[in-house]
Amino acid sequence: MRTARGTATRTITRTNIPTGRVTRMSMCIRTAHATPIRMTMRTAMSMAATTVTRMKAIMRMIMSMFIRTAPGTRIRTATLTSIPMTASHPAGHQLGRLETATVELEARILAKNDALAATNRAWFADRNILALNLVSSPGAGKTTLLERTIRDLRGELALFVIEGDQATANDGLRIRAAGAPVVQINTGAGCHLEADMVAAGLKELEPASDSVVLIENVGNLVCPAMFDLGERAKVVVFSVTEGEDKPLKYPHMFAACEVMILNKIDLLPHLDFDVVAAIANAVTVNPNIAPFLVSAKSGEGLLDWYDWLRGQAAPRGSLSGNRAV
Amino acid sequence: MHELAIARNIVAIVAEKANGRRVAKVTLEVGKLSGVMAGAIAFCFDQVAAGTALDGATLDIREIEGRAQCQACGAEFRKPAVFTPCPCGSRQSTLLQGSELNIKSMQLEETGICAEPAAVQAGRM
């Protein structure tokens, strides 16, 4: 019987029984033995018209399992009775144990990523490393901004870069040419970096203490907003060749960022882009966002961005709590 | 597209908690300001759940409205969008609810059979 029970259990769970009102059913198989074999099943079936057909099918399966596991048994009768849950249960039936089918979890879905991000954050803090997560739509100029920043601040700040892209090492090569140690992460089908990828990247990159780690996320204004990497702040790069309403279209990202770099301002004379409207839209979504107007190509406006970086990357022992934006 | 990553997280967490048992239903709490589309999770879920303990499980998504407290006037107000200001005009507010992204509970599928000792029922039926 034990064997039959185990086998039958697997058989039943493999059939796709729709959930509904809980019903017990009682099965009785009479064989040549004096004692009939009785089983009570508790199903997740509701008492629909098709239910009986399903029960019969299940019973046939159980019987065939039983015959296979106990050869030589001859089944005389097999009866099936369905019992609504409201009916009193037979004494000794441990129904209470079975009724606790719903398990409260209260688990945060992104808990694993958040825990890994917290580990990264502590790792950065131990080494007094400033980590920034750069996000933008594709083509806004993240890599160009990084190249320029590396060339201009090379002698002053120790800059390390983690490059995230779905494919190719192109950006990594550009950063290396600019003079910073870099690790290229290809996410494949992934549309964003996650904390474990950054942790793996850091192992390879081995950034020095008191340095700055710039993480260039996959070009995407949607998904990276949700995945904490352990950074000190998110920086969104937004270019004047995009629409002024981008902050309103992608509010989650602009709400998650501390800094907005409005790039490619050297192109403004050729465009109808309304800078004031763009900043107003960003502030609508995030009243605390710090905007910088720059051209990574011409260098215009970059000094303010560099001042902000220097302020954030304050050396150990300085007033770390006084990091005004 | 991050809904796929989220669906994977859901399946991983629930499968671990189910510890080998089959899961019939998963109940989620998704805040309307969480940045996640409930429909997109449902779309990915069946694919990700295939072949796991959650194969064929139903997904019950409870959406939670955004609510915030204004930092200027202290009033509590509905926040249907990330950038909805307080009726007083202030944009400085603290989100009270709406950013949830939780697995509330799982319902385990019946283990199928509870074989009762023959002695208990001997003579009946």
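The values are calculated or read from the model by the stated rules, or taken from the named source; none is laboratory data. As the structure is a computational prediction, the values presented were derived from the model and not from experiment. As a convention, Cβ positions derive from the backbone with ideal geometry for all residues, glycine included, and neighbour counts pool all protein chains shown.
Hey, B:Val23 hits all of (1) touching a residue at least 40 places away in the same chain (Cβ under 8 Å); (2) of a type outside the set (S, T, N, Q); (3) over 23 Å from A:Leu248 (Cβ atoms); (4) more than 10 Å from chain A (Cβ to nearest Cβ) but one; which does it fall short on?
Among (1) touching a residue at least 40 places away in the same chain (Cβ under 8 Å); (2) of a type outside the set (S, T, N, Q); (3) over 23 Å from A:Leu248 (Cβ atoms); (4) more than 10 Å from chain A (Cβ to nearest Cβ), B:Val23 violates only (4).
For region A:183-201: of the residues being of a type in the set (A, V, I, L, M, F, W, C) and outside any helix (DSSP H, G or I), which is surrounded by the most Cβ atoms within 10 Å (Cβ to Cβ)? Don't jump to the end; show me each part of the working.
Initial filter on region A:183-201 (of a type in the set (A, V, I, L, M, F, W, C)): A:183, A:185, A:189, A:191, A:193, A:195, A:197-200.
Imposing the further condition that a residue be outside any helix (DSSP H, G or I) reduces the set to A:183, A:185, A:189, A:191, A:193.
Working: A:Val183: 23, A:Ile185: 22, A:Ala189: 8, A:Cys191: 18, A:Leu193: 26.
That would be A:Leu193.
Residues are listed down the side, and each one gets a yes or a no for (1) farther than 24 Å from A:Gly219 by Cα; (2) surrounded by fewer than 20 Cβ atoms within 10 Å (Cβ to Cβ); (3) at pLDDT below 95:
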{"site": "A:Glu104", "(1), (2), (3)": "yes, yes, yes"}
{"site": "A:Leu110", "(1), (2), (3)": "no, no, yes"}
{"site": "A:Thr119", "(1), (2), (3)": "yes, yes, no"}
{"site": "A:Ala122", "(1), (2), (3)": "yes, yes, no"}
{"site": "A:Asn128", "(1), (2), (3)": "yes, yes, no"}
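In the list A:Thr168, A:Thr144, A:Thr119, which residue meets the criterion of being more than 14 Å from every other protein chain (Cβ to nearest Cβ), β-branched (Val, Ile, Thr) and on the phi > 0 side of the Ramachandran plot? Write out each step before concluding.
On the way: A:Thr144 fails: on the phi > 0 side of the Ramachandran plot; A:Thr119 fails: on the phi > 0 side of the Ramachandran plot.
When all the criteria are applied, what remains is A:Thr168.
For region B:26-47, which residues satisfy the criterion of being without any contact (Cβ under 8 Å) to a residue 60 or more places away in the chain and under 16 Å from A:Ala107 (Cβ atoms)?
B:Ile41, B:Phe45
If A:Asn170 satisfies every condition in (1) over 15 Å from A:Leu130 (Cα atoms); (2) surrounded by fewer than 16 Cβ atoms within 10 Å (Cβ to Cβ); (3) modelled with pLDDT of 95 or more but one, which is the exception?
(3)
Filter region A:291-301 for residues that are crowded, with 21+ Cβ neighbours inside 10 Å and either under 20 Å from A:Gly155 (Cα atoms) or among the polar types (S, T, N, Q) (or both) and give the result.
Matches in region A:291-301: A:Ser295, A:Ala296.
Can we say A:Asn217 is under 30 Å from B:Val36 (Cα atoms), under 25 Å from the mean Cα position of the chain (by Cα) and among the polar types (S, T, N, Q)?
Yes.
What tally of residues in region A:202-256 results from selecting those that are assigned to a strand (DSSP E or B), among the hydrophobic types (A, V, I, L, M, F, W, C) and touching an Asp or Glu at 6+ places or on another chain (Cβ under 8 Å)?
3
Looking at region A:294-310, I want the residues that are over 16 Å from A:Thr241 (Cβ atoms) and have a partner that is of a type in the set (Lys, Arg) with Cβ atoms under 9 Å, at least 6 apart or on another chain. Which pairs are those?
These pairs meet every condition: A:Gly299/A:Arg148; A:Leu302/A:Arg148.
Hey, can you tell me all the residues within region A:280-291 that are within 20 Å of A:Ala225 (Cα to Cα) and in contact with an Asp or Glu (Cβ under 9 Å, 6 or more places away or on another chain)?
Residues of region A:280-291 within 20 Å of A:Ala225 (Cα to Cα): A:281-291.
Result: A:Asn281, A:Asn286, A:Asn288, A:Ile289, A:Ala290.
Can you give me the number of residues within region A:181-205 that are more than 17 Å from the chain's Cα centre (by Cα), within 26 Å of A:Ala111 (Cα to Cα) and either in contact (Cβ under 8 Å) with a residue 24 or more places away in the chain or within 14 Å of another protein chain (Cβ to nearest Cβ) (or both)?
Final tally of qualifying residues: 3.
For residues in region A:130-151 being under 25 Å from the mean Cα position of the chain (by Cα) and β-branched (Val, Ile, Thr), which is farthest from A:Val222 (Cα to Cα)? If you could, list the steps in order and put the result at the bottom.
Narrowing region A:130-151 to residues under 25 Å from the mean Cα position of the chain (by Cα): A:130-140, A:142-143.
Then keep just the ones that are β-branched (Val, Ile, Thr); that gives A:135, A:143.
Numbers: A:Val135: 10, A:Thr143: 19 Å.
Looking at the filtered set, the residue picked out is A:Thr143.
How many residues does region A:162-182 contain that are within 18 Å of A:Arg151 (Cα to Cα) and part of a loop (DSSP other than H, G, I, E, B)?
Within region A:162-182, residues that are within 18 Å of A:Arg151 (Cα to Cα) and part of a loop (DSSP other than H, G, I, E, B) number 3.
Looking at B:Thr94, B:Thr27, B:Thr52 in this structure, which one is modelled with pLDDT of 90 or more, under 28 Å from A:Asn220 (Cα atoms) and either in contact with a Pro (Cβ under 7 Å, 6 or more places away or on another chain) or of a type in the set (Ser, Thr, Tyr) (or both)? So that I can check it myself, show each step before the final result.
On the way: B:Thr27 fails: under 28 Å from A:Asn220 (Cα atoms); B:Thr52 fails: under 28 Å from A:Asn220 (Cα atoms).
From the options B:Thr94, B:Thr27, B:Thr52, the qualifying one is B:Thr94.
Which residues, counting only those in region A:257-290, are of a type in the set (Gly, Ala, Ser) and buried (at least 22 other Cβ atoms within 10 Å of the Cβ)?
Kept after step one, since they are of a type in the set (Gly, Ala, Ser), are these residues of region A:257-290: A:277-278, A:280, A:282, A:290.
Of everything in region A:257-290, those that are of a type in the set (Gly, Ala, Ser) and buried (at least 22 other Cβ atoms within 10 Å of the Cβ) turn out to be A:Ala278, A:Ala282.
Quick check, is B:Gln92 facing chain A (nearest Cβ under 10 Å) and of a type outside the set (Val, Ile, Thr)?
Yes: the conditions hold for B:Gln92.
Report whether or not B:Ile103 is surrounded by fewer than 19 Cβ atoms within 10 Å (Cβ to Cβ) and either touching a helix residue (DSSP H, G or I) at 6+ places or on another chain (Cβ under 6 Å) or within 27 Å of B:Val23 (Cα to Cα) (or both).
Taking the combined requirement at face value, the residue does not satisfy it.
What residue, among those in region B:77-88 that are within 12 Å of chain A (Cβ to nearest Cβ) and either more than 27 Å from B:Leu4 (Cα to Cα) or in contact with a His (Cβ under 8 Å, 6 or more places away or on another chain) (or both), is modelled with the lowest pLDDT?
In the first step, residues of region B:77-88 are kept if they are within 12 Å of chain A (Cβ to nearest Cβ); the result is B:79-86.
Adding the requirement that they be either more than 27 Å from B:Leu4 (Cα to Cα) or in contact with a His (Cβ under 8 Å, 6 or more places away or on another chain) (or both) leaves B:82, B:84-86.
Numbers: B:Val82: 89, B:Thr84: 92, B:Pro85: 93, B:Cys86: 94.
Checking each candidate, the answer is B:Val82.
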